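Here the structure comes first, spelled out in structure tokens, and everything after it is commentary.
The values are calculated or read from the model by the stated rules, or taken from the named source; none is laboratory data. Treat the numbers as computed from the prediction; the structure is a model and nothing was measured. No Cβ is skipped: glycine too gets one built from the backbone with ideal geometry, and neighbour counts run over all protein chains shown. To get the accessible areas, we keep the full protein, side chains included, count just its heavy atoms, and leave off ligands, DNA and RNA. Shrake-Rupley method; radii C 1.70, N 1.55, O 1.52, S 1.80 Å.
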Amino acid sequence: MFSENNKIRIEDRFQKLMLELPVLNQEIDRLAVLKAETALAVKYLYVTMPYSDIGNYSFDTFLDYANQGVYLLEHGPYREKIAEDLFLNYILYHRINEEEIRPCRSFFYEQLKDRIKGLTMKEAALEVNYWCAQEASYRSTDERTVAPITVYNCGYGRCGEESTFTVSALRSIGIPARQVYAPRWSHCEDNHAWVEVWCDGEWYFLGACEPEEILNKGWFNSAASRAMLVHSRYFDVALKGVETNRLEENENLEVLESLKENENLEGLESLEENENLDELESLEEIQKIGSGELLVDFKAENILGKEGMVTMLNQLGRYARTDLIKVTVIDDLLNPVIGIKVEFQIVNYSEFFTLTALKTDETGTVTLKTGLGSINIHISYKDTSTDLLIDTRIQKTAVITLKGSTETENCWLPFDMIAPIDSPVNNAVPTRLQKTEREVKTAAATRNRMNKIKGIHNEEIDGFFASDIQHRSLKEKLLGILTVKDHTDCMAEVLEEHVVYALPYKDSPEASYTEEIFIHYLLNPRIWNEPIRKYRHCIQEHFSDKDKEDFKNEPKLIWKWVEETIQSHEDREHPNVVTTPFGCLKTGTGSELSKKILFTAIARTFGIPARLKMEDGSMEYFQGGEFIPVLEEGAGFSTLLLNAGEDNITWAYYQNYTIGRFNKGTYTTLKLEETIFHNGRHKLTLRPGRYRIITSNRLPNGNIFANRYLMTLKKGETKEVFLSLREAKLSDMLENIKMNDFLLKRAEGNPVSGSEITKTGKRILFWLEVGKEPTEHILNELLVRKIEFSKHAEQLIFIILNQTSLIDPTLSEVVESFPGAAILYDDFGENIQNLGRRLYVDPDKLPLIIVTSKELNGIYATSGYNVGTGDMLLRILREEF
């Protein structure tokens, strides 16, 4: 069972936690009636969880995880193979990332126990993933991460939700599992999450709800090889000094001695000695409780640092070619700057996105294991910042002098972002028999899932309407402003509470707002991206009549009360998990965002329409016909006029431009809801301050040609900026990607390989979804440019589903116009999935067009219809390589 060392440390930390959060004393009686191992498991969860979890969830929620964990510790089929640290962190532990927490483990175990009976760990992991595919599949949704049981109930989720669901299923049967994340890809606008499983002494990976017959295979193998970072999260031992990107464990004594010697040197900013002692104690704690697996994760090069209470671990070496880069920060006197944050950024969605942030050690240095491509190093100090863009293929070290930005304002400054080249390090390939087995089992899983989805019905929504027929219209309007995802996990009693407590303000004589304001900013239970919970009754009971009257007369007093009463402990929080208003009042703690949400909740409860402004999250309340900023920093406005220029460029926010506002040393991208240009201009009303505009042209090979524009907006000022997008030469756009061979069929049914049809010079392969609009567009482009494409007819290969497709009038005209073109056939299954993924385009969008320069060498690909595709194909055909 639990080792003596763990019993002591858990009990000791739980006693300290009860002093920090006295609300936990209410749970002592509940713990006393549990058997010793279960009580200790519950305590372990409490001492390692974010404060937000303590505020947001009940004791019974965590008891489900503890009960199942202890059951697996005593009876799990793989219990004898698993070290205690792996069990605690990757089986017992309730949280995986930022998902909502609801009981699920014992339920999942009951669904899976018979399916895994007698299987090895690897076989069981693969079988669990088939079950996950049977229960849920991918669907793009909003960024809030629902609970794994919600994914099971509704049958879908985005990749972050599929992976938390799959990890939960694996943990429920006693297989250590964790989520890993590429926070943003370097070669395209997206990110991805998948799953790592520990089997028989080694970590493997798999695609969540995307089953295979072997481990270490997923559609993302090639994509991950182009990442600049892949990370996982670790919630247990709080390494207090880990954020300094420390050296190897056995070097810490030397580091400590060095700090003692240098602490009085002029200009040297050193950490407090007791912080280093705390770190040493934490490292010793790991050595006492940790197996070899844990110590491998905690090698210096794998420790990224801390995000709140969460230790971030670098897993990139399992997926890509990497190198260590070293950045040293000095001051004007050439002294090392210690403990300063160094951010490593890439451009994605046309913004600088921070992959990770490290703090400098006693030499002013951080090291990062990263991919081979461009990375921007951003350093902020007080109200200044410095940036340096490096290419890690050729530059491994950098020395940065800490000073304010020297970049010129009010002009465009070009820069390039180079994505790592395609270089997969995981090349496991299933056998033909395994592929066939996978197809059969996946088809069965899909049928089961589709049948399940047909029967899904949200009874909570029915209950919400049934409880009060009189206000049905109002309830319909409330549901209308909630997201589709909210509809999957909302509770009738929660929504009912918000309606009941908001109704008195709907037609109040004191009301000076429209119904739209009432619905969106007073009735609405959703404030930001937090879980929707009850809070209005709790808030009403929490304050005196005098407090309520004071708040109504002067809403800014609400924020004053929040600031004085609710404490922020960022080092005990997950930065992306919000403490609900009820949770804040329960524990007296909450992050800065949680406190802003609490302000808004209190205001709405007392009849004051309020919101967090979408663009920047600032607090506002409605009074006198307008929204008023709560804080002075939100007061005053400037006007920015964006001019689209005369190049006929379609400007789309997050696609080819963004705007960021400078705050606390970094630029935070504004969340603009609507950026429609009228007569070539878009008008924005912004707070005064420093801003940065990024424009980006993502090339087909994954690289980016970008511009940045720095400016300062003064209060009352109007400034016009002409947007500028960099153009690229054809040679900048093309790739050289080796494709796996594939089979197509000729009209008579004979197979022909991809290597055979691409071995003699350039070829363009068109997988056509005949009769559908995107395919019609590209075929019509070929016909419009008939004379030019006719010169290359023998290089065109049209791939269709069957000969019936030839009846289509547009395709028929194309075939007649280009008699030298080849017609081949495919089932539009595995080939388009594998080739589309390999060439980094969406395989689910047709037509799929691939250009090869020689045998199985892909140089360009596109999917769906994009304006100008025909012109691009002609450019490639004419170019000499």
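Could you tell me how many of the residues in the range 294-310 are under 30 Å from Thr658 (Cα atoms) and either open to solvent by less than 10 Å² (accessible area, probe 1.4 Å) or among the polar types (S, T, N, Q) (or both)?
Summing the residues that are under 30 Å from Thr658 (Cα atoms) and either open to solvent by less than 10 Å² (accessible area, probe 1.4 Å) or among the polar types (S, T, N, Q) (or both) in the range 294-310 gives 3.
When you scan the range 92-109, do you find a residue that is polar (S, T, N, Q) and more than 25 Å from the chain's Cα centre (by Cα), even just one?
yes
Only one of these is free of Cβ contacts under 8 Å to residues at least 60 places away in the same chain and either more than 29 Å from the chain's Cα centre (by Cα) or buried (at least 19 other Cβ atoms within 10 Å of the Cβ) (or both): Glu674, Glu717, Glu727. Name it.
When all the criteria are applied, what remains is Glu727.
How many residues does the range 794-817 contain that are closer than 27 Å to Ser731 by Cβ and open to solvent by 20 Å² or more (accessible area, probe 1.4 Å)?
Adding up the residues that qualify gives 2.
If we keep just the residues of the range 21-38 that are part of a helix (DSSP H, G or I) and without any contact (Cβ under 8 Å) to a residue 24 or more places away in the chain, which is nearest to Ser58 (Cα to Cα)?
Taking the candidates together, the pick is Gln26.
Is it the case, given these coordinates, that Asp732 is open to solvent by 30 Å² or more (accessible area, probe 1.4 Å) and in contact with a helix residue (DSSP H, G or I) (Cβ under 7 Å, 6 or more places away or on another chain)?
In short, no.
Taking into account only those residues within the range 110-129 that are open to solvent by less than 10 Å² (accessible area, probe 1.4 Å) and touching a residue at least 60 places away in the same chain (Cβ under 8 Å), which is nearest to the chain's Cα centre (by Cα)?
Asn129
Using the structure shown, decide if Val23 is open to solvent by 10 Å² or more (accessible area, probe 1.4 Å) and among the β-branched types (Val, Ile, Thr).
yes
Out of the residues in the range 131-158 that are open to solvent by less than 10 Å² (accessible area, probe 1.4 Å) and either part of a helix (DSSP H, G or I) or among the β-branched types (Val, Ile, Thr) (or both), which is nearest to Asn458 (Cα to Cα)?
Within the range 131-158, the match that is nearest to Asn458 (Cα to Cα) is Thr150.
Being assigned to a loop (DSSP other than H, G, I, E, B) and modelled with pLDDT of 95 or more is the filter here; which residues of the range 483-523 pass it?
none
Within the range 681-701, is even one residue in contact (Cβ under 8 Å) with a residue 12 or more places away in the chain and in contact with a Pro (Cβ under 6 Å, 6 or more places away or on another chain)?
no
Of a type outside the set (S, T, N, Q) and crowded, with 17+ Cβ neighbours inside 10 Å: is that true of Glu476 in this structure?
Judged against the criteria, Glu476 is not a match.
Exactly one of (1) surrounded by fewer than 19 Cβ atoms within 10 Å (Cβ to Cβ); (2) out of contact with any Leu (no Cβ under 7 Å at 6 or more places or on another chain) is unmet by Arg746. Its number?
Arg746 satisfies every listed condition except (2).
Let's see how each residue does on (1) within 19 Å of Thr669 (Cβ to Cβ); (2) touching a residue at least 24 places away in the same chain (Cβ under 8 Å); (3) surrounded by fewer than 19 Cβ atoms within 10 Å (Cβ to Cβ):
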position	(1), (2), (3)
Ser568	no, yes, yes
Glu573	no, yes, no
Val577	no, yes, no
Pro581	no, yes, no
Thr587	no, yes, no
Ile597	no, yes, no
Phe606	no, yes, no
Glu615	yes, yes, yes
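Answer yes if at least one residue in the range 656-664 is in a loop (DSSP other than H, G, I, E, B) and β-branched (Val, Ile, Thr), and no otherwise.
no
Select from the range 1-20 the residues that are assigned to a loop (DSSP other than H, G, I, E, B) and of a type outside the set (A, V, I, L, M) and write down the one among them that is nearest to Lys586 (Cα to Cα).
Phe2
Please enumerate the residues belonging to the range 746-802 that are at positive phi and either in contact with a strand residue (DSSP E or B) (Cβ under 9 Å, 6 or more places away or on another chain) or modelled with pLDDT of 95 or more (or both).
Hits for the range 746-802 are Gly749, Gly761.
Before we move on, is Gly625 in contact with a Lys or Arg (Cβ under 8 Å, 6 or more places away or on another chain), open to solvent by 10 Å² or more (accessible area, probe 1.4 Å) and small (Gly, Ala, Ser)?
Criteria not met by Gly625.
Say whether the condition of being at pLDDT 90 or above, of a type in the set (D, E, K, R) and surrounded by 14 or more Cβ atoms within 10 Å (Cβ to Cβ) is met by at least one residue in the range 414-432.
yes
For a quick check of your reading: which strands (runs of 3 or more DSSP E) sit entirely within the range 692-770 and have at least 2 residues that are touching a Gly at 6+ places or on another chain (Cβ under 8 Å)?
Qualifying strands (runs of 3 or more DSSP E): 704-713, 743-745.
What is the number of the single condition among (1) in contact with a helix residue (DSSP H, G or I) (Cβ under 8 Å, 6 or more places away or on another chain); (2) open to solvent by 10 Å² or more (accessible area, probe 1.4 Å) that Asn216 does not meet?
(1)
Given the criterion more than 27 Å from Ile787 (Cα to Cα), open to solvent by less than 50 Å² (accessible area, probe 1.4 Å) and of a type in the set (Gly, Ala, Ser), identify the matching residue among Gly820, Gly870, Gly836.
Gly836
If Trp651 satisfies all but one of (1) open to solvent by less than 30 Å² (accessible area, probe 1.4 Å); (2) of a type outside the set (S, T, N, Q); (3) under 29 Å from Glu510 (Cβ atoms); (4) not in a strand (DSSP E or B), what's the number of the condition it fails?
(3)
Filter the range 58-88 down to the residues that are open to solvent by less than 10 Å² (accessible area, probe 1.4 Å), under 27 Å from the mean Cα position of the chain (by Cα) and in contact (Cβ under 8 Å) with a residue 40 or more places away in the chain and list them by number.
Matches in the range 58-88: Tyr65, Asp85, Leu86, Leu88.
May I ask you to list the residues in the range 706-741 that are modelled with pLDDT of 95 or more and in contact with an Asp or Glu (Cβ under 6 Å, 6 or more places away or on another chain)?
Across the range 706-741, the qualifying residues are Leu710, Met711.
For every residue, the table says whether it meets (1) of a type outside the set (A, V, I, L, M, F, W, C); (2) more than 19 Å from Gly689 (Cβ to Cβ).
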| residue | (1), (2) |
| --- | --- |
| Gly371 | yes, yes |
| Ser374 | yes, yes |
| Asp383 | yes, no |
| Arg393 | yes, yes |
| Lys396 | yes, yes |
| Val399 | no, yes |
| Glu409 | yes, no |
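If you take just the strands (runs of 3 or more DSSP E) that sit entirely in the range 353-395, which of them hold at least 1 residues that are more than 19 Å from Gln315 (Cα to Cα), open to solvent by 50 Å² or more (accessible area, probe 1.4 Å) and modelled with pLDDT of 95 or more?
Ranges flagged: 384-391.
Cβ-Cβ below 8 Å, separation at least six or inter-chain, first residue in the range 809-828 and under 18 Å from Glu781 (Cβ atoms), second open to solvent by less than 50 Å² (accessible area, probe 1.4 Å) and among the acidic types (Asp, Glu): which pairs?
Note: pairs meeting the criteria are Thr810/Glu776.
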